[in-house]
């Protein structure tokens, strides 16, 4: 018998956590959004409300749907409140140590049959699972950003993930109206294994003076029919996230082709992380993106 997921806990009220909460609530599931502070939670709920308002403006959602979705999302700063969740998805920062600490604290509260998911975009599921009390009930559920708009979810089984955990996650993704693809547990899985080295190569192209920011992005938009240029996309993802994925690929596969571009490292060291800090390969402070080189 497949384990049914009805109540979902989400750790992290950032961009990814809020997106996951939004699609789960829109599908009629009970959602508990958890973060460290009340301020972060309120900002997260405001983001969800704003996203739904935009969908209403585009006539992809109704106000009645928005109201009923917001009614099923509760917010908390206490892990103890997640005790009756069927699934908890960790959507914290892409840092293995941070994730391990969350799992160590969280597992003490979860019911034995609860499934633990991680939204990591690159870290080994097997390794994360091994630090918990339920490796067989642990799975990678990698949503794409922005979650409400992106159709794909990567499901990644660790070496110990059992069939019922995988099937329950797969059924859930179907309920959310999304398509799941299965990836083996290798560094960065499928999408980021292909996408991030392309972005890193675009940064090398800039670093080596082959083209300017504008030339590179225009070339890939119009020459490869990409919806946005790779440097614009890097700013959207966050340059710190791009760097951490490249580091995981470089360390995990020990191949020099995955070496993070020194220019990417420099931007991250400067705190120019893209849209979220208003500066990256573009400067967003004026409201109109201006290339920074």
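The values are calculated or read from the model by the stated rules, or taken from the named source; none is laboratory data. All figures in this text were calculated on a predicted structure; none of them were measured in a lab. FYI the Cβ positions are ideal-geometry reconstructions off the backbone, even for glycines, and counts take in every protein chain you see.
With the requirement that a residue be touching a residue at least 24 places away in the same chain (Cβ under 8 Å) and surrounded by fewer than 18 Cβ atoms within 10 Å (Cβ to Cβ), what does the range 56-67 give you?
Taking the range 56-67 as the starting set, the residues that turn out to be touching a residue at least 24 places away in the same chain (Cβ under 8 Å) are 61, 65.
Listed by number, the list holds a single entry, 65.
Residue 227 meets all of the listed conditions (1) surrounded by 13 or more Cβ atoms within 10 Å (Cβ to Cβ); (2) under 22 Å from the mean Cα position of the chain (by Cα) but one, namely (1).
Residue 129: assigned to a helix (DSSP H, G or I) and crowded, with 16+ Cβ neighbours inside 10 Å, yes or no? Full working, then the answer.
Working: assigned to a helix (DSSP H, G or I): yes; crowded, with 16+ Cβ neighbours inside 10 Å: yes.
Spelling it out, residue 129 is indeed assigned to a helix (DSSP H, G or I) and crowded, with 16+ Cβ neighbours inside 10 Å.
Look at (1) under 30 Å from residue 234 (Cα atoms); (2) crowded, with 19+ Cβ neighbours inside 10 Å and you find that residue 106 fails only one, number (1). The set of residues in the range 200-224 being surrounded by fewer than 24 Cβ atoms within 10 Å (Cβ to Cβ) and closer than 15 Å to residue 258 by Cβ consists of 201, 204. Looking across the range 279-293, the residues that are in a loop (DSSP other than H, G, I, E, B) and buried (at least 21 other Cβ atoms within 10 Å of the Cβ) come down to 280, 281. When the residues of the range 146-169 are filtered to those that are out of contact with any helix residue (DSSP H, G or I) (no Cβ under 6 Å at 6 or more places or on another chain) and more than 17 Å from residue 27 (Cβ to Cβ), the one that is surrounded by the most Cβ atoms within 10 Å (Cβ to Cβ) is 161. Of all the listed residues (276, 266), the sole one being in a helix (DSSP H, G or I) and closer than 24 Å to residue 150 by Cβ is 276.
Within the range 245-252, is even one residue in a loop (DSSP other than H, G, I, E, B) and either exposed (fewer than 15 other Cβ atoms within 10 Å of the Cβ) or modelled with pLDDT of 95 or more (or both)? No, because not a single residue in the range 245-252 is in a loop (DSSP other than H, G, I, E, B) and either exposed (fewer than 15 other Cβ atoms within 10 Å of the Cβ) or modelled with pLDDT of 95 or more (or both). In the range 204-229, the residues that are farther than 15 Å from residue 289 by Cβ reach residues that are in a loop (DSSP other than H, G, I, E, B) and at pLDDT 95 or above with C-beta atoms within less than 6 angstrom, at least six apart or across chains, in these pairs: 204/261; 205/211; 207/261; 220/226; 220/229.
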